[in-house]
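Each remark here refers to the structure printed beneath this line.
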Amino acid sequence: MANRKKAPEELRSHRWYGVKDLRSFGHRSRTAQMGYHKSDYAGKPVIAIINTWSDINPCHTHFKQRVEEVKRGIWQAGGFPVEMPAMSLSEPFQKPTTMLYRNLLAMETEELLRSYPADGCVLMGGCDKTTPALIMGAFSMNLPTIFVPAGPMLRGDFRGGFLGSGSDTWKYWAELRAGNISESDWQDVEDGIARSPGHCMTMGTASTMTSAAEVLGLTLPGAASIPAPDSRHAQMATLTGKRIVDMVWEDLKPLDFISAASFDNAIRAVLALGGSTNSLVHLIAMAKRAGVHLSIDRFDELARTTPVIANLRPSGKYLMEDFYYAGGLRGLLCNIKDLLNLDLLSVNGQTLGANIEGAKVFNDDVIRSAGTALLKNDGLAVLRGNLAPHGAIIKPAAMEQHLREHTGPAVVFKDYNDLNERIDSESLDIHKDSVIVLQSAGPQGAPGMPEWGQLPIPQKLLKAGVRDMVRISDARMSGTSYGACVLHVTPESHVGGPLALVKDGDLISLDVQARTINVLISEAEMRARRAAWSPPAPKFTRGYGTLYLKHIQQADKGCDFDFLEPEDLQGTHGDPEIH
Ligand code: FES
């Protein structure tokens with residue numbers, strides 16, 4: 001039973017339903033029009049369910065059913081559920097990238113909550129950008145909030161073995177291009193790799209961000225690891241519906257329990273999971289919405305002392321279904337609990353320590369201990385140097401280790417089209433020690449900073465057995481990808497970052513241990529090239545794109561719009577009384 005801090009007249013929705021005026025007459029009569037009797041909602045918390053279901057989002061197929069289960073819990077607990085569909089951000093379909101629209105969904109979430117009579121909200125997301133977008137919007141509004149993670153799909157099935165989303169797509173695509181598998185093999189991969197509702201089941205961006213949401217305290221304990229088709233996922237949805245009603249009465253809002261320490265916990269978990277490089281841009285943006293300053297350097301600091309203990313693809317061997325059966329996120333957190341702040345509260349009113357109490361690991365090959373870790377540290381590393389003065393990122397856990405210290409000549413592609421046109425050309429002057437460079441793939445340049453950063457290995461090198469090379473871009477990389485890919489180079493080339501000035505044949509030096517990325521040309525040469533550089537034309541001249549280009553920030557700032565950060569809102573969150 002909720003510890004009630006609020007009277008019904010103090011509910012935010014009372015402004016819509018409870019007062020005696022002409023506008024509230026309209027709200028009540030129009031609610032009656034939808035078939036609800038006054039007893040269905042009067043004096044009850046109105047719970048907005050922000051649902052990112054869409055016919056074009058395969059990761060959220062089950063949300064049509066899950067939303068009914070959330071509603072069931074809300075009704076049972078004495079609330080009034082109101083489903084509000086929001087932009088879906090379907091990773092496999094949206095061009096050029098869902099990242100172009102992450103902030104638009106964040107804005108939509110915030111404005112839905114602000115403009116309608118919501119007392120609390122349930123966020124339904126999971127496919128990559130939906131999780132940070134929903135949470136960013138909800139932080140800015142700061143109503144009682146619980147996140148329902150979509151859950152991973154089942155393992156892919158292929159000829160007696162398993163397939164992992166993304167990771168095995170890249171792997172078998174490379175084998176097809178190398179001539180090692182047939183078109184019929186490739187068709188079987190296509191048919192078997194995605195065979196149930198749910199988000200990607202590798203430790204990609206979706207699993208990384210839903211796990212981070214759980215560690216931040218925004219889901220019910222254990223929620224992020226449950227496979228989407230598992231009946232326990234439906235139960236979690238119903239329990240979420242019940243809990244959010246109590247949270248409204250308790251007036252427990254996310255910014256009451258989210259702090260810099262919560263983000264440290266989330267980063268530790270992401271690192272231990274071997275999580276996605278995308279977590280940097282998302283967690284930095286989420287932190288800012290919560291009024292927490294988070295720098296990319298914090299990821300590097302924590303990476304130096306956090307072991308990678310989840311044996312999950314792309315860094316390891318197993319998939320999210322195995323992870324759940326092995327004990328899931330709660331099990332993993334127990335194995336790194338010495339690195340966590342266990343006193344932080346979560347949506348169920350309990351501390352992280354209480355929420356992982358009694359969790360066990362049932363398969364110590366899937367969830368390792370610090371002593372048997374995949375890597376004893378460096379799940380992610382932040383690089384700097386004259387090629388990336390404001391930083392770049394690499395995932396040492398998912399690359400061939402001999403490339404950690406490497407110098408080679410640049411082979412430069414001026415944009416994505418140039419890359420696609422020339423990468424497989426027999427006449428391309430490239431060898432296994434070359435460094436592949438892609439320009440114009442950042443937040444402004446692509447635009448939208450797509451997941452192009454796992455640049456393809458040229459076909460002739462694949463056939464010669466090469467499977468990893470140093471690759472550099474201002475793009476992001478799918479969390480399911482792997483390789484010695486230097487990503488998020490900041491400032492990006494489109495705005496005149498040094499990446500724009502690199503030429504074919506320049507020697508580029510990567511040193512992961514020293515955390516450096518440099519182009520070996522003189523200062524004077526760099527200055528001369530800069531003087532000769534002129535900025536490219538903007539990629540949009542109308543619509544949302546122009547708003548995006550005008551306000552998008554660079555990767556080290558989380559790629560949020562400058563006008564959405566709390567300092568630009570005079571530190572305010574939430575709910576000005578607008579009539
Ligand atoms: Fe939706 Fe990967 S495509 S999570």
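The values are calculated or read from the model by the stated rules, or taken from the named source; none is laboratory data. The model shown is predicted, which means the values in this text are computed figures rather than measured ones. Note: ideal-geometry Cβ built from the backbone for every residue, glycine included; neighbour counts use all protein chains shown.
A few remarks follow.
- Looking across segment 47-66, the residues that are under 21 Å from L154 (Cβ atoms), touching a residue at least 60 places away in the same chain (Cβ under 8 Å) and not in a loop (DSSP other than H, G, I, E, B) come down to P58, C59, H60, F63, Q65, R66.
- Residues in segment 105-117 that are among the basic types (K, R) and within 16 Å of the ligand (Cβ to nearest atom): there are none.
- Segment 141-170: number of residues that are within 13 Å of the ligand (Cβ to nearest atom), farther than 30 Å from L252 by Cβ and touching a strand residue (DSSP E or B) at 6+ places or on another chain (Cβ under 6 Å): 1
- Residue match in segment 309-329 (condition: over 22 Å from the mean Cα position of the chain (by Cα), touching a residue at least 60 places away in the same chain (Cβ under 8 Å) and buried (at least 22 other Cβ atoms within 10 Å of the Cβ)): no
- Any hit, segment 481-491, residues being over 23 Å from the mean Cα position of the chain (by Cα), within 19 Å of A388 (Cα to Cα) and either surrounded by fewer than 24 Cβ atoms within 10 Å (Cβ to Cβ) or in contact (Cβ under 8 Å) with a residue 40 or more places away in the chain (or both): no
- Enumeration of residues in segment 252-301 that are under 17 Å from G217 (Cβ atoms) and of a type in the set (F, W, Y): F257, F263
- Top-ranked residue in segment 525-547 [being touching a residue at least 40 places away in the same chain (Cβ under 8 Å) and in a loop (DSSP other than H, G, I, E, B); ranked as surrounded by the fewest Cβ atoms within 10 Å (Cβ to Cβ)]: P535
- Residues satisfying the criterion are present in segment 438-457 (criterion: outside any loop (DSSP other than H, G, I, E, B) and either more than 22 Å from the chain's Cα centre (by Cα) or at pLDDT below 95 (or both)).
- Of residues in segment 372-426 being over 26 Å from the mean Cα position of the chain (by Cα) and assigned to a loop (DSSP other than H, G, I, E, B), the one surrounded by the fewest Cβ atoms within 10 Å (Cβ to Cβ): E426
- The residues in segment 118-137 that are under 15 Å from P85 (Cα atoms) and more than 16 Å from the ligand (Cβ to nearest atom) can be counted, and the count is 4.
- Listed conditions (1) under 32 Å from the mean Cα position of the chain (by Cα); (2) in contact (Cβ under 8 Å) with a residue 60 or more places away in the chain are all met by K6, apart from (1).
- Among the residues here, L507 does not qualify as surrounded by 15 or more Cβ atoms within 10 Å (Cβ to Cβ), more than 16 Å from the ligand (Cβ to nearest atom) and of a type outside the set (S, T, Y).
- Considering residues of segment 267-297 that are of a type in the set (K, R) and under 13 Å from K557 (Cα atoms) only, the residue surrounded by the fewest Cβ atoms within 10 Å (Cβ to Cβ): K288
- Of the criteria (1) out of contact with any Leu (no Cβ under 9 Å at 6 or more places or on another chain); (2) outside any helix (DSSP H, G or I), which one C127 fails: (1)
- Hits in segment 171-199 (condition: within 13 Å of the ligand (Cβ to nearest atom) and under 24 Å from N420 (Cβ atoms)): I193
- Considered as a group, the residues in segment 76-103 that are assigned to a helix (DSSP H, G or I) and surrounded by 18 or more Cβ atoms within 10 Å (Cβ to Cβ) include one that is nearest to the ligand (Cβ to nearest atom), and that residue is T98.
- Of all residues making up segment 5-60, the number that are of a type in the set (D, E) and either within 24 Å of A133 (Cβ to Cβ) or within 16 Å of the ligand (Cβ to nearest atom) (or both): 1
- The C-beta contact set for segment 86-99 (first residue in contact (Cβ under 8 Å) with a residue 60 or more places away in the chain, second residue assigned to a loop (DSSP other than H, G, I, E, B) and away from the ligand (no atom under 12 Å from the Cβ), distance under 6 angstrom, 6+ apart or interchain) comprises P96/A446; P96/G448; P96/P450; T97/G448; T97/P450; M99/G448; M99/M449.
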